[in-house]
Amino acid sequence: MSRQISYFTRTSLYAALALGCFVTHPPAAVRAQSGTATPAYDIYAVRFGVLPQFPLSGLVAGADKEQKLDIPVMVWVVKGSDGRIVLVDSGFYREKFVTRWKVQHFSTPAAAVARLGIQPDQVSDIIITHMHWDHADGQDLFPKATVWIQKDEYEYYTGDAWQDANRRGGGADPDVMLALVKRNFAGQLRLVHGDNQTIIPGLTCYTGGRHTYASQYVGVNTVGGTVVLASDNVYLFQNLDAHRPIAQTLDAAANLQAQDRMRTLAARTGLVIPGHDPAVFTRFRAVADGVVQIAPDRAGTAR
Ligand SMILES: [Zn+2]
């Protein structure tokens, strides 16, 4: 065997020398494809509308019932050092949602991500954190993307949830579910099997937040360490700061445990990014209208 290897090595070397193209290092493109390094991602929070005067008590368990605030609806663009463009959540666009919720400053999620120069066909993957209309409706705006969702979430909200109105929760919508089922029929939906699943190099899905039946959150590798995109498993920074569960959860104790875990996963607590906090757009650097870059530096601090 060793003779064979040596023979082929020598043969290749002579061939390379004869052609005058002996290369001591592989070209950059080959190195990138070799997969030795985990890709680092740039992360952008993209606001595509505002829900006016939302009650704080609907976001933070036990909060003042009188207090209200305008909350953003957003998607997260995760752009890889390998050129890959992933969305975490896809927002919404169907007219009934825009009208019913009196959404202000609305643009479709596709128009909103275009502020970063991204066209819909460039999005290769969409990670849906949970089935609610404000996070999953917009997936069919991005026709070439593969959609990733927890298997238990998909199966529950396309099946058992509709056997009993009490098990559905407020945010599941038949049109959203049907569109996702069609995506599956088209071969563009991938089911994530539970907790701590790295579905794309540098992107890991976690469960346990219990905002919905099997809601997930995403750990994203960046040059400054891990950023956790909590989505609605944490509504506001206030949930983390006051150690209060989200107001809409199937299991408040599990939600708090998940929040604690997110802190350990993130490079620092400020890099656990909630689903609807207006402060996301003031704590981080604006790069376009309604777009901030969630960019920890190498020391893990915000810039
Ligand atoms: Zn939401």
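Nothing in this text is a laboratory measurement; each read-out follows from the coordinates by a stated rule. Computed from a predicted model, the values in this text were never measured in an experiment. Neighbour counts are summed over all protein chains in view; Cβ atoms, including those assigned to glycine, are modelled from backbone coordinates with ideal geometry.
Remark on the range 175-284: Rg and Dmax equal 14.7, 44 Å (Cα only). In this structure the amide hydrogen of Thr108, modeled in the peptide plane, comes within under 5 Å of no amide hydrogen from residues 5 or more places off or on another chain. You can think of it this way: the chain between Ala114 and Val287 has 61.0 nm of extra reach, that is 0.36 nm per residue less the Cα-Cα gap. Among rounded, prolate and oblate, which fits the range 191-255 when a ≥ b ≥ c are the square roots of the eigenvalues of its C-alpha gyration tensor, a/c under 1.5 means rounded, and a/b larger than b/c means prolate? Verdict is oblate for the range 191-255.
Two numbers describe the Cα atoms of the range 49-90: Rg and Dmax, which are 15.6, 47 Å.
Using the Cβ-Cβ distance between Lys182 and Lys151 with R0 set to 25 Å, the FRET efficiency works out to roughly 0.90. For the range 125-219, trypsin sites (Lys or Arg not before Pro) are listed when DSSP marks them as loop and at most 13 other Cβ atoms sit within 10 Å of their Cβ; the list is Lys144.
Taking 0.36 nm per residue of sequence separation and removing the Cα-Cα distance, the Asp64/Val98 pair yields an extension gain of 9.6 nm.
Under the criterion of Cα pairs below 8 Å and six or more residues apart, the relative contact order for the range 27-293 equals 19 percent.
Report, please, the projected area of the range 27-293 averaged over directions, based on the convex hull of its C-alpha atoms, in nm². Please report the intermediate quantities before stating the final value.
Details: hull surface 55.7 nm².
So the Cα hull casts an average projection of 13.9 nm².
The lysine pair tally for the chain, using Cα distances under 25 Å and a gap of 8 or more places or different chains, is 9.
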